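FYI, it's all coordinate maths here, none of it is from the lab. Note that the structure is a prediction, hence the values are computed from the model and not measured. Ideal geometry is used to build each Cβ from the backbone, glycine not excepted, and the neighbour counts take in all protein chains shown.
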Amino acid sequence: MIKTPHTSLLWRNVTLFDGLRQWDQPVAVLVKDGQVAAIWPEQTLDERMVRNAQIAGQGGVMTPGLVDCHTHLIYAGDRAAEFELRLEGASYEEIARAGGGILSTVRATRAASEEQLLESCRPRLEALMADGVTTVEIKSGYGLTLADELKVLRVARHIGEVFPIRVVTTLLGAHALPPEFVDNADGYVELVCAEMIPAAVAEGLADAVDVFCEGIAFSPEQCERVFRTAHKHGLRVKAHAEQLSNLGGSMLAARYQALSCDHIEYLDEAGVKAMAEAGTTAVLLPGAFHMLRETQLPPVDLLRQYNVPMAVASDANPGTSPICSPTLMANLACTLFRLTPREALSGMTAHAARALGIQTLGRIEVGAPADLCLWNISHPAELAYAVQAGRLRQRVFAGTITHVH
Ligand code: NIG
Ligand code: FE
């Protein structure tokens, strides 16, 4: 890592995508004390104002550091055998109902120590960072006991302390019904509400609470109990909703002012309207759509029509999206869901930060944290158009250059 804590850094002549739009002329960007201090059209840069700044880069495309707002990055084991079963015709639901799927990852994750979880997560984390990610959301949900859910969240917090990346944690206790609670889903939801949420809050381990609202997971009524408890403890909520069917999970989540509803392939107009009114962000997960060979498309036109901001995330997880590349997600969001490259890029920056409730991230503006990427490309759309490693010239985290290519 190149340490540049007290120096002002100046980038000259960059094409700027600020998280929402591309500037129409090249700019100079000054970073000071970990923040964006100034942005000038290159033509108007007054050299006297930057006399003491070190030139950090010239040319290229600058974007905010990417925000991966939905991952299940911490787990043990793999699910390659299930991938083969699915290719032979088994469905995701069938595998889950037979005790595979999420529960097979739960068995492996329960058996792993915090150290082992960190080591198995490291290459995935490094892949995200090498592809420009400076903020990552990490969910629990592969522990499903009090101790194992907290274990995963502790590893997530630890990552944020020792790696140059911001980590936002989400408690996803209501991800799947663990074997100890077969035929007693309400009993498990009680454990989530009475023990997991309060303990995670007491240890400062959760920034939000998520649920999986689905036939193979939890009913809207059960999810509502989790939401109510989360609110009682001062935590915002989000939902895996309308992924495999429409149970009205998004409408419910909107009633609890959810930060986001994620997956949403089966979302209908009433749900879109409810999300718009609640200010809930739509998180599109094209990696899971692709891996499950799904054919039901998320209602992108309706989301546009109702001005629901669309985020795009990797959903990195061992079952439905074993993919740690946000730029591949941008490409898939365009090819599979017909997002424009600009929408895909906003989806991985400004709108992704909105899905996490942190509006200062995912933007390049004066006063914002200097989490930046400088890319060896000539137009921002190239990030969504080509899938190619090695284009990230510099990654800047909180004003420090952490990656040089
Ligand atoms: O986001 N939909 C539920 N949860 C994850 C998949 C988890 C798994 O299969 O391990 C998802 O797709
Ligand atoms: Fe997910």
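Some notes on this structure:
- Calculated FRET efficiency for the pair ALA147/LYS232, C-beta based, R₀ 22 Å, to 0.05: 0.45
- Using only the C-alpha atoms, the convex hull of the range 92-241 corresponds to 112 Å³ per residue.
- Amide H contacts for VAL168 (H built 1.01 Å from N in the peptide plane; partners 5 or more residues away or on another chain; cut-off under 5 Å): VAL136, GLU137, ILE138.
- Globularity ratio of the chain, using Cα Rg and 2.2 N^0.38 Å: 0.97
- Of ALA282, ALA270, ALA217, the one that fluctuates the most in a GNM where the chain has Cα springs shorter than 10 Å: ALA270
- Once you reduce the range 366-387 and the range 207-236 to the center of their Cα atoms, the two points are 35 Å from each other.
- Fully extended contour minus Cα-Cα distance, from GLN388 to ASN184, at 0.36 nm per residue: 68.7 nm
- With R₀ set to 30 Å, the beta-carbon distance separating GLU119 from GLN305 gives a calculated FRET efficiency near 0.05.
- The calculated FRET efficiency for TRP40 paired with GLN359, based on their beta-carbon distance and R0 = 35 Å, is about 0.90.
- Each other residue within a Cβ distance under 14 Å of LEU146 adds +1 if Lys or Arg and -1 if Asp or Glu, for a net charge of -3.
- Under 24 Å from LYS151, Cα to Cα: lysines that are on another chain or at least 8 residues apart: LYS139, LYS232, LYS238
- Full-extension gain in nm, THR295 to GLU269, via 0.36 nm per residue minus C-alpha separation: 7.5 nm
- Helical runs (DSSP H, four residues minimum) scored at -39500 (n - 2.57) apiece and divided by the length of the chain put the mean residue ellipticity at 222 nm at -9500 deg cm²/dmol.
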